[in-house]
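Everything below concerns the one structure shown next.
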Amino acid sequence: MRVLALTRYARRGASSRLRFEQFVPGLAALGIDVTLAPLLDDNFLKRRYSGTRLNVFALASAYAARARRRFRREPWDVIWLEKEAFPWLPLPLERALTRRDVPFVVDFDDAWFHRYDLHPSWAVRALLGRKLDAVMRQAAVVCAGNEYIADRARRAGASRIELVPTVVDPSRYGSSAPRSAGAFTVGWIGTPLTAGYLDAIAPALHEIASARPLRLCAVGAAPFRLDGVEVATPAWSEEGEAGLIAAFDVGVMPLPDSPWERGKCGYKLIQYMASGKPVVASPVGVNTTLVREGENGFLATDPASWARALTVLRDDPALSASMGAAGRRLVAASYDLRSQLPRLAAIIRSASAGA
């Protein structure tokens with residue numbers, strides 16, 4: 001069986017790597033041959049994260065290359081699509097530049113539709129606000145990373161919706177190391193574009209650090225300062241991320257309660273739990289499913305509750321270890337790559353059979 005995977009990014013993009021690329025070897029072993037065709041290469045994300053102006057000519061070339069690939073009459077059984085084929089192009093152009101003779105499975109791991117329907121520009125809302133609803137309706141299957149996205153697909157009129165969580169390979173994450181004798185380390189992982197979420201917990205971190213040494217390790221963030229707190233911002237790499245998370249004492253995921261954030265799939269929390277770390281997170285979207293209050297972590301709504309939760313975990317290493325172990329069990333039961341692989345293979349095969 002031949003599948004063309006039209007991902008948005010190459011391997012550096014977390015959504016493309018986790019929702020598509022990490023499954024390719026396992027799908028091949030099950031008789032599904034996947035050809036990856038990213039729209040944007042790793043240099044695109046490097047430039048974006050560094051704040052460098054985007055190369056318009058390179059972007060146009062990427063779109064043209066994808067359009068040429070879609071017009072080729074290669075014998076694909078299924079097209080596996082990440083969100084849409086041509087971001088920011090109106091639906092008529094998307095339809096004109098895509099093949100309509102091959103069934104497709106579309107995957108959403110965030111609420112990308114809100115980039116359009118909640119955009120500050122009325123022109124973007126008018127041209128693109130319902131584009132992804134139409135993509136969902138046309139798909140043989142919509143794979144939704146969480147219930148918030150699945151609900152949007154239902155309202156869009158999708159014919160079939162499958163909840164497919166973001167998963168990890170637990171073998172990449174070792175068992176939790178004993179707590180070091182140094183400063184209590186609060187850990188976060190992300191990109192320079194999302195590091196602003198940490199502002200919400202800055203008052204709590206400052207309060208805790210005023211009593212005892214505290215270290216914040218913000219993997220992937222641009223360098224910044226926080227009064228009274230030792231801040232480290234190591235660069236992210238796929239090879240090094242598990243080792244950096246292993247040095248956390250607790251993993252955090254602060255979020256505002258807004259539409260975009262309700263569509264997130266909690267990948268940070270899953271990584272922390274796979275590493276055997278307790279977690280503290282905002283009660284937003286899928287976080288309320290992943291975090292089982294008092295069992296594998298805490299949910300916190302304001303600086304005071306963030307400070308309380310982090311202080312409890314700092315002062316009770318035994319509780320931290322117990323919560324970390326519970327998190328690892330949850331990942332093994334529900335967010336393990338190996339458990340989702342056969343199900344994903346069945347979804348792809350059914351899309352072809354349904355055609």
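The values are calculated or read from the model by the stated rules, or taken from the named source; none is laboratory data. The structure presented is a predicted model; accordingly, all values stated were derived computationally and were not measured. With ideal geometry, Cβ positions are generated from the backbone for all residues, glycine too; neighbour counts draw on all protein chains shown. Just the protein is used for accessible areas: all its heavy atoms, side chains included, with ligands, DNA and RNA removed. Shrake-Rupley method; radii C 1.70, N 1.55, O 1.52, S 1.80 Å.
Residues that are under 14 Å from Gly182 (Cβ atoms) and surrounded by fewer than 14 Cβ atoms within 10 Å (Cβ to Cβ) within the stretch 210-256 comprise Arg212, Pro213, listed in sequence order. From the list Leu330, Leu341, the lone residue that is in contact with a Leu (Cβ under 8 Å, 6 or more places away or on another chain), within 20 Å of Ala246 (Cα to Cα), open to solvent by 10 Å² or more (accessible area, probe 1.4 Å) and not small (Gly, Ala, Ser) is Leu330. Kindly list the number of the only condition in (1) modelled with pLDDT of 95 or more; (2) within 24 Å of Ala111 (Cβ to Cβ); (3) among the hydrophobic types (A, V, I, L, M, F, W, C) that fails for Leu205. With (1) modelled with pLDDT of 95 or more; (2) within 24 Å of Ala111 (Cβ to Cβ); (3) among the hydrophobic types (A, V, I, L, M, F, W, C) applied to Leu205, the lone miss is (2). Between Leu310, Leu319, the distinction of being buried (at least 16 other Cβ atoms within 10 Å of the Cβ), touching a residue at least 24 places away in the same chain (Cβ under 8 Å) and in a helix (DSSP H, G or I) belongs to Leu310 only.
Among the residues of the stretch 214-232, those identified as assigned to a loop (DSSP other than H, G, I, E, B) and out of contact with any Phe, Trp or Tyr (no Cβ under 7 Å at 6 or more places or on another chain) are Ala221, Ala222, Pro223, Phe224, Arg225, Asp227, Gly228.
Of all residues assigned to the stretch 227-249, at least one qualifies as being in contact with a His (Cβ under 9 Å, 6 or more places away or on another chain) and either at negative phi or aliphatic (A, V, I, L, M) (or both).
Tally time: how many residues in the stretch 73-120 are closer than 17 Å to Tyr63 by Cβ and among the small types (Gly, Ala, Ser)? Summing the residues that are closer than 17 Å to Tyr63 by Cβ and among the small types (Gly, Ala, Ser) in the stretch 73-120 gives 2.
Given the conditions (1) in contact with a Lys or Arg (Cβ under 8 Å, 6 or more places away or on another chain); (2) part of a helix (DSSP H, G or I); (3) crowded, with 20+ Cβ neighbours inside 10 Å, and given that Tyr272 satisfies all but one, which numbered condition is not satisfied? Tallying (1) in contact with a Lys or Arg (Cβ under 8 Å, 6 or more places away or on another chain); (2) part of a helix (DSSP H, G or I); (3) crowded, with 20+ Cβ neighbours inside 10 Å, Tyr272 fails exactly one: (1).
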